[in-house]
Amino acid sequence: MEQPMEPSLQGMKQGQPPQAGPVPEPQEQPPGDGGDPDIEEFKRGAAAIGEALYNNKNVSDSILQGIDPNDKAGSTARQTITLVTQIDNKLNLELSAIFSVAAWAFGEMVELSSAMHKIEYSEKEQQDGVMAVFEGLIQSYEIDPQEFANFTGGASDSDQQQAMSMYEGAMSGKEAAANG
């Protein structure tokens, strides 16, 4: 089976988009009997986002034009919500994977706008942007905010730490690739 593609900053020249590479496997296999459907849905969504951002110049140009350096978090969040909902309309992703796909897509848009337009995001802007994406998706999918809070609040500290560790590992790998 062909691996989904994820961008890589290796070998990138000034003003050229990052090239696609394989989507990394999760650092730790979740419990279960083989394939976790949420992970498979995430991979499916991430592959489509990567294809749209890195292999479709019209999409990537449109997204980059919509990112306002004076409203980085907000404009990137809006672009993320638009792209994720369009991808979901085509793929009909499981709702349980959409928020993970959206958080990943936001990170990719941050990387792309940084690489292509030298727009830098602070950690706070990135956090605010992801929260804005989640709030926008809650509205777009008409999810009861209290239900969402109950669902996400039910994650154990261990699960939250593992997710943060995976995110930090992915980000440090991108930084190493960009600096290497």
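What the table shows:
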quantity	calculated
Estimated inter-spin distance, E142 and K57, nm [label 7 Å along Cα→Cβ]	4.1 nm
For the stretch 38-144, average projected area of the Cα convex hull in nm²	6.3 nm²
By average C-beta atoms within 10 angstrom, highest first, the peptides 40-51, 55-66, 123-134	40-51, 123-134, 55-66
Charge context of L91, other residues only, Cβ under 13 angstrom, K/R +1, D/E -1	-2
Protection-proxy order for peptides 142-149, 81-88, each taking the mean of Cβ atoms within 10 Å per residue, highest first	81-88, 142-149
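Each reported figure results from applying straightforward, stated rules to the coordinates on display, with no laboratory input. If you're wondering where the values come from, they're calculated on a predicted model, not measured in any experiment. Positions of Cβ are generated from backbone atoms using ideal geometry, with glycine treated the same way; all protein chains shown enter the neighbour counts.
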